[in-house]
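Peer 1: Let me give you the structure first, and then I'll get to my questions.
The values are calculated or read from the model by the stated rules, or taken from the named source; none is laboratory data. Keep in mind that what you see is a predicted model, and the values were worked out from it rather than measured. Glycine gets a Cβ as well: all are built from the backbone with ideal geometry, and neighbour counts include every protein chain shown. Accessible surface is based on the protein model in full, side chains and every heavy atom, while ligands, DNA and RNA are left aside. Shrake-Rupley method; radii C 1.70, N 1.55, O 1.52, S 1.80 Å.
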Amino acid sequence: MTWIWANLDLIWDRTLDHVVLSVPAIVLSFIIALPIGWLAHRYRASRGVILTVVGLLYAIPSLPLFIILPIIVGTSTRSPLNLVIALTLYGVALMVRVVADGLASVDLDVRQSASAVGFSTWTEFWQVELPLSGPVLLAGLRVVAVSTVSLATVGAVIGVQSLGSLFTDGFQRGIQAEIIAGIVATVVLALVFDALLVYAGRLLMPWTRSRAATTVTDNAAGSVSTAATPASENRSREIAR
Amino acid sequence: MNFFAEALQWLVDPANYVGLNAIPLRLAQHLGFTVVTLVIASAIAIPLGFLIGHTGRGRSVAVASAGAFRAIPTLGLLTLVALSIGIGLNAPYIALTVLAVPPILAGAYTGFEAIDRRTIDAARAVGMSEVQIVRQVEVPLGLPLLIGGLRSAALQVVATATLAAYVADFGLGRYLFAGLKTRDYAEMLGGSILVILMALALEGLFALTQRFVVPRGVLAGRPTDIRTRSSRPRPVMESAIEEGQKNVHSK
């Protein structure tokens, strides 16, 4: 405990490093996954190809990716940019499937009604499909946020500073309190992101609030049962690395 | 691209196929570790998951803990256990078993939950005992999702076993950490390629198994393509009262 009180500054600095790494990755993966997920949803041929590629991408273990990526894109191994790109790739890999599932969850009657009253494909996507698939997207994004925060710690072993540095430093110097502080800070940060996303979801999708009240208690720790089917729930558990 | 050529050279260099640091030995260590961890985790998670899935009790606890586990950084858990019980293989075994349990548990109980309740009621109605229902109905039908859970657990263990080399002299991760220390890109990259190939091979193997264990005539576990549904999906024969109770049923 004394270590923690004496090093609050250090923990705070690493937390900020961690935020700088994970927030861009979460935001970028959502933005990039939207068009790819739409493509996977729209055409059957592209669906198979995209979902397979994305599944394989997600299967790549993090540490080897952190090492190979800089050689491919030409950044330095220890650069935070390298880590942000890798985390974004994992986020996209998760989110594409969620976007495809979310768009597919929109009732066909509603989509047909939208085109019947004259929406173009473009406006129908932004004004009908995207808002209606919002709850599924939110559930997926929460998973992406929590797993990104957790995964960013691995960067510490290749020398990118984050809350993970508390693990490597604590391990090398034999300070148990430092590792525990790192774990707690990581989990707390993940929960803060999760809570912020839930709050943002309520602001952006006020019509889900009455339903949200029942699902949130069910999902307090960031699960995705709102993603409807047990199959997709199980799939999104693949994040847990 | 130069680096990749060097890495390939490293992969076929006969010097890397002898002694304690030989590639086949490291591969075997990595794979053996993964298999043992999965077996231990399955022994804990599968019976528990079946119990939760069959009785429906403790589901919310399982969901909440699976979510919480996802937030726990694997590296933190690994270093913490290693620091508490000492450097060596025991720490990775404990840490990785803890990490592998939630996905397998989720696979086991979601597999049971995905089964149409009417199928289970029918089994009960024809006089099957609870044990028979579990063995002959729920386990076969839930198997694809259970394999799915094992698949994500396996991926996670292979990935984290690489990190385990940080606390023990073991597995393919050794090449990555040794390469990082000595700035030997060929070794680092060669090791990374081996880990990725192993992960992809396991992924493929599990994907195939998942297809093969689907009982004939049943498509549970395969993603249903929503686009193939007719444009009028709502059945018309349900009475208004039943329609109103739909939400109650699906809860």
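Peer 1: In the stretch B:37-60, is there at least one residue being in contact with a Ser or Thr (Cβ under 7 Å, 6 or more places away or on another chain) and under 30 Å from A:Ser22 (Cβ atoms)? So that I can check it myself, show each step before the final result.
Peer 2: So in the stretch B:37-60, the residues in contact with a Ser or Thr (Cβ under 7 Å, 6 or more places away or on another chain) come out as B:37, B:40-41.
Next, only the ones that are under 30 Å from A:Ser22 (Cβ atoms) stay: B:37, B:41.
Yes, the stretch B:37-60 contains a residue that is in contact with a Ser or Thr (Cβ under 7 Å, 6 or more places away or on another chain) and under 30 Å from A:Ser22 (Cβ atoms).
Peer 1: Select from the stretch B:196-232 the residues that are open to solvent by less than 60 Å² (accessible area, probe 1.4 Å), within 12 Å of another protein chain (Cβ to nearest Cβ) and at pLDDT 50 or above and list them in ascending order. Lay out the reasoning, then the answer.
Peer 2: Initial filter on the stretch B:196-232 (open to solvent by less than 60 Å² (accessible area, probe 1.4 Å)): B:196, B:198-200, B:202-204, B:206-207, B:209-210, B:213-215, B:218, B:220-221, B:225, B:231.
Now restrict to residues that are within 12 Å of another protein chain (Cβ to nearest Cβ): B:196, B:198-200, B:202-204, B:206-207, B:210, B:220-221, B:225, B:231.
Correct list: B:Ile196, B:Met198, B:Ala199, B:Leu200, B:Leu202, B:Glu203, B:Gly204, B:Phe206, B:Ala207, B:Gln210.
Peer 1: Assess whether B:Val158 counts as being within 7 Å of chain A (Cβ to nearest Cβ), in contact (Cβ under 8 Å) with a residue 60 or more places away in the chain and either within 25 Å of B:Ala15 (Cβ to Cβ) or small (Gly, Ala, Ser) (or both). Full working, then the answer.
Peer 2: Values: within 7 Å of chain A (Cβ to nearest Cβ): yes; in contact (Cβ under 8 Å) with a residue 60 or more places away in the chain: yes; either within 25 Å of B:Ala15 (Cβ to Cβ) or small (Gly, Ala, Ser) (or both): no.
Spelling it out, it is not the case that B:Val158 is within 7 Å of chain A (Cβ to nearest Cβ), in contact (Cβ under 8 Å) with a residue 60 or more places away in the chain and either within 25 Å of B:Ala15 (Cβ to Cβ) or small (Gly, Ala, Ser) (or both).
Peer 1: Is it the case that some residue within the stretch B:21-36 is surrounded by 22 or more Cβ atoms within 10 Å (Cβ to Cβ) and either within 17 Å of B:Gly149 (Cβ to Cβ) or of a type in the set (S, T, N, Q) (or both)?
Peer 2: Yes, some residue in the stretch B:21-36 is surrounded by 22 or more Cβ atoms within 10 Å (Cβ to Cβ) and either within 17 Å of B:Gly149 (Cβ to Cβ) or of a type in the set (S, T, N, Q) (or both).
Peer 1: Let me ask something additional. Restricting attention to the stretch A:166-176, report how many residues are on the phi < 0 side of the Ramachandran plot and open to solvent by 20 Å² or more (accessible area, probe 1.4 Å).
Peer 2: First, pick out the residues of the stretch A:166-176 that are on the phi < 0 side of the Ramachandran plot: A:166-173, A:175-176.
Remaining after also requiring open to solvent by 20 Å² or more (accessible area, probe 1.4 Å): A:169, A:171-173, A:175-176.
Total meeting the criteria: 6.
Peer 1: Here's something else I'd like to know. With the structure loaded, tell me whether B:Glu130 is charged (D, E, K, R) and open to solvent by less than 10 Å² (accessible area, probe 1.4 Å) or whether it fails that test. Steps first, answer last, please.
Peer 2: Working: charged (D, E, K, R): yes; open to solvent by less than 10 Å² (accessible area, probe 1.4 Å): no.
So B:Glu130 does not fit the description; no.
Peer 1: A further question on this structure: Taking the conditions exactly as written (touching a Leu at 6+ places or on another chain (Cβ under 9 Å), more than 10 Å from every other protein chain (Cβ to nearest Cβ) and hydrophobic (A, V, I, L, M, F, W, C)), does A:Val99 satisfy them or not?
Peer 2: On the way: touching a Leu at 6+ places or on another chain (Cβ under 9 Å): yes; more than 10 Å from every other protein chain (Cβ to nearest Cβ): yes; hydrophobic (A, V, I, L, M, F, W, C): yes.
Answer is yes for this residue.
Peer 1: Which residue out of B:Ala122, B:Ala91, B:Ala168, B:Ala178 is farther than 28 Å from A:Gly55 by Cβ, outside any helix (DSSP H, G or I) and not aromatic (Phe, Trp, Tyr)?
Peer 2: Values: B:Ala122 fails: outside any helix (DSSP H, G or I); B:Ala91 fails: outside any helix (DSSP H, G or I); B:Ala178 fails: outside any helix (DSSP H, G or I).
Residue meeting the stated conditions: B:Ala168.
Peer 1: Please work out which residue is nearest to the other protein chains (Cβ to nearest Cβ), limiting yourself to the stretch B:135-152 and to residues that are touching a residue at least 24 places away in the same chain (Cβ under 8 Å), more than 15 Å from B:Ala45 (Cβ to Cβ) and open to solvent by 30 Å² or more (accessible area, probe 1.4 Å).
Peer 2: We begin by selecting, within the stretch B:135-152, every residue touching a residue at least 24 places away in the same chain (Cβ under 8 Å); these are B:138-152.
Next cut, more than 15 Å from B:Ala45 (Cβ to Cβ) only: B:138, B:140-141, B:144.
If we keep only those that are open to solvent by 30 Å² or more (accessible area, probe 1.4 Å) as well, we get B:140-141.
Values: B:Pro140: 16, B:Leu141: 12 Å.
Filtering first and then ranking leaves B:Leu141.
Peer 1: Can I ask one more? Considering B:Ala45, B:Ala95, which residue is under 19 Å from the mean Cα position of the chain (by Cα), under 28 Å from A:Ser162 (Cα atoms) and surrounded by 13 or more Cβ atoms within 10 Å (Cβ to Cβ)?
Peer 2: Values: B:Ala45 fails: under 28 Å from A:Ser162 (Cα atoms).
None of the others qualify; the one that does is B:Ala95.
Peer 1: Which of the following residues is at pLDDT below 85 and not aromatic (Phe, Trp, Tyr): B:Gly107, B:Gly111, B:Gly86, B:Gly76? Explain how you work it out, then say what you get.
Peer 2: Details: B:Gly107 fails: at pLDDT below 85; B:Gly111 fails: at pLDDT below 85; B:Gly76 fails: at pLDDT below 85.
Going through B:Gly107, B:Gly111, B:Gly86, B:Gly76 in turn, the sole match is B:Gly86.
Peer 1: Show the residue pairs meeting these rules: Cβ distance below 7 Å; 6+ apart or different chains; first residue within the stretch A:151-177 and more than 9 Å from chain B (Cβ to nearest Cβ) and in contact (Cβ under 8 Å) with a residue 12 or more places away in the chain; second residue β-branched (Val, Ile, Thr) and open to solvent by 20 Å² or more (accessible area, probe 1.4 Å).
Peer 2: If the second residue must be β-branched (Val, Ile, Thr) and open to solvent by 20 Å² or more (accessible area, probe 1.4 Å), the pairs left are A:Ala177/A:Ile4.
Peer 1: Which condition number in (1) of a type outside the set (D, E, K, R); (2) more than 20 Å from B:Leu202 (Cβ to Cβ); (3) within 16 Å of the chain's Cα centre (by Cα); (4) open to solvent by less than 70 Å² (accessible area, probe 1.4 Å) is the one that B:Gly88 fails?
Peer 2: Answer for B:Gly88: the failing condition is (3).
Peer 1: When residues of the stretch B:63-79 are filtered for being assigned to a helix (DSSP H, G or I) and either of a type in the set (Asp, Glu) or open to solvent by less than 10 Å² (accessible area, probe 1.4 Å) (or both), how many remain?
Peer 2: We begin by selecting, within the stretch B:63-79, every residue assigned to a helix (DSSP H, G or I); these are B:63-71, B:74-79.
Adding the requirement that they be either of a type in the set (Asp, Glu) or open to solvent by less than 10 Å² (accessible area, probe 1.4 Å) (or both) leaves B:63, B:67, B:70-71, B:74-76, B:78-79.
The qualifying residues number 9.
Peer 1: Now for a separate question. Determine the pairs where a residue that is touching a residue at least 40 places away in the same chain (Cβ under 8 Å) and more than 17 Å from A:Gly91 (Cβ to Cβ), located within the stretch A:30-46, has a partner that is assigned to a helix (DSSP H, G or I) and open to solvent by less than 60 Å² (accessible area, probe 1.4 Å) with Cβ atoms under 6 Å apart, the partner being 6 or more residues away or on another chain.
Peer 2: A:His41/A:Ala100; A:His41/A:Leu103; A:His41/A:Ala104
Peer 1: So which residues in the stretch B:103-124 are of a type in the set (Asp, Glu) and at the interface with another protein chain (Cβ under 9 Å from one of its Cβ atoms)?
Peer 2: Going through the stretch B:103-124, the residues of a type in the set (Asp, Glu) turn out to be B:113, B:116, B:121.
The one that is of a type in the set (Asp, Glu) and at the interface with another protein chain (Cβ under 9 Å from one of its Cβ atoms): B:Glu113.
Peer 1: Pick out the one residue from B:Ile104, B:Ile94, B:Ile133 that is touching a Lys or Arg at 6+ places or on another chain (Cβ under 7 Å) and among the β-branched types (Val, Ile, Thr). Talk me through it step by step, then tell me what you get.
Peer 2: Numbers: B:Ile104 fails: touching a Lys or Arg at 6+ places or on another chain (Cβ under 7 Å); B:Ile94 fails: touching a Lys or Arg at 6+ places or on another chain (Cβ under 7 Å).
Going through B:Ile104, B:Ile94, B:Ile133 in turn, just one is touching a Lys or Arg at 6+ places or on another chain (Cβ under 7 Å) and among the β-branched types (Val, Ile, Thr): B:Ile133.
Peer 1: More than 22 Å from B:Gln156 (Cα to Cα) and in contact with a Lys or Arg (Cβ under 6 Å, 6 or more places away or on another chain): is that true of A:Leu203 in this structure? Steps first, answer last, please.
Peer 2: Numbers: more than 22 Å from B:Gln156 (Cα to Cα): yes; in contact with a Lys or Arg (Cβ under 6 Å, 6 or more places away or on another chain): no.
Taking the combined requirement at face value, the residue does not satisfy it.
Peer 1: Within the stretch A:127-147, restricting attention to residues that are surrounded by fewer than 24 Cβ atoms within 10 Å (Cβ to Cβ) and either polar (S, T, N, Q) or over 30 Å from A:Val117 (Cβ atoms) (or both), which residue is farthest from the other protein chains (Cβ to nearest Cβ)?
Peer 2: Filtering first and then ranking leaves A:Gln127.
Peer 1: Against the definition (open to solvent by less than 30 Å² (accessible area, probe 1.4 Å) and assigned to a helix (DSSP H, G or I)), how does A:Val188 come out, yes or no? Can you show your working first?
Peer 2: Details: open to solvent by less than 30 Å² (accessible area, probe 1.4 Å): no; assigned to a helix (DSSP H, G or I): yes.
No, not satisfied.
Peer 1: Within the stretch B:44-86, track down each residue that is within 12 Å of chain A (Cβ to nearest Cβ) and among the charged types (D, E, K, R).
Peer 2: B:Arg59, B:Arg70
Peer 1: Okay, moving on. Can you name every one of the helices (runs of 4 or more DSSP H) wholly within the stretch A:27-124 that holds 3 or more residues which are open to solvent by 20 Å² or more (accessible area, probe 1.4 Å) and more than 27 Å from A:Ser150 (Cα to Cα)? It would help to see each step written out before you state the result.
Peer 2: On the way: elements: A:44-59, A:62-73, A:80-104, A:108-116, A:121-124.
Helices (runs of 4 or more DSSP H) meeting the threshold: A:44-59, A:108-116, A:121-124.
Peer 1: Within the stretch A:92-146, take every residue that is under 21 Å from A:Gly48 (Cβ atoms) and among the polar types (S, T, N, Q) and give me the one that is farthest from the chain's Cα centre (by Cα).
Peer 2: A:Ser105
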